[in-house]
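One structure is given below, encoded as structure tokens.
The values are calculated or read from the model by the stated rules, or taken from the named source; none is laboratory data. Every value quoted in this text rests on a predicted model; they were computed, and no experiment measured them. Positions of Cβ are backbone-derived with ideal geometry, glycine not excepted, and every protein chain shown enters the neighbour counts.
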Amino acid sequence: MVARPYVDDITSDHTGSDVQVAVDTVTAICAFTDEFAADLCFKPNLVKSKRFSTSPAIRSALRVLPGPEVAACFADLGVAQTPVARPAAQLKDKRLKAGIEKLDRTSTLAASLRKRGLFTAASGVPAATYGTMATPIAAVRLRSLDAA
């Protein structure tokens, strides 16, 4: 049997300020994930898997240990999650680009202006702006969306 890549959106949360307890918990979760994957002949997607903490001390402690990347932000349900209400540098353009690509595709539809407007309202704009309560969109990016 050959292992196949597999990813599922699982987010684990640990509350507490003790750095060693948090690091031990995250390390145990990563080990459990590896064991679970091996049991089912799955291979964890190490590109999408991230270790994350709002605590700089915990992130620093995790970085010296083997395991998935320690990230300053992560995408959950396609929304950049950050510990503060400001755009995540690593993910800032991904959703906007996807929305603009949908707007470009919508503009080529052989449909009336009204129907293209409905498609735009239902697809391109929501795709580009989904999750703005979690990660605000910069004014310059809103202008590029408006131009598209």
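Tabulated data for the structure shown
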read-out: Filter result (exposed (fewer than 12 other Cβ atoms within 10 Å of the Cβ) and at pLDDT 75 or above) within the range 63-104; value: Arg63, Val64, Pro66, Asp104
read-out: Output for the range 21-54, where each listed residue is outside any helix (DSSP H, G or I) and in contact with a helix residue (DSSP H, G or I) (Cβ under 7 Å, 6 or more places away or on another chain); value: Lys43, Pro44, Arg51, Ser53
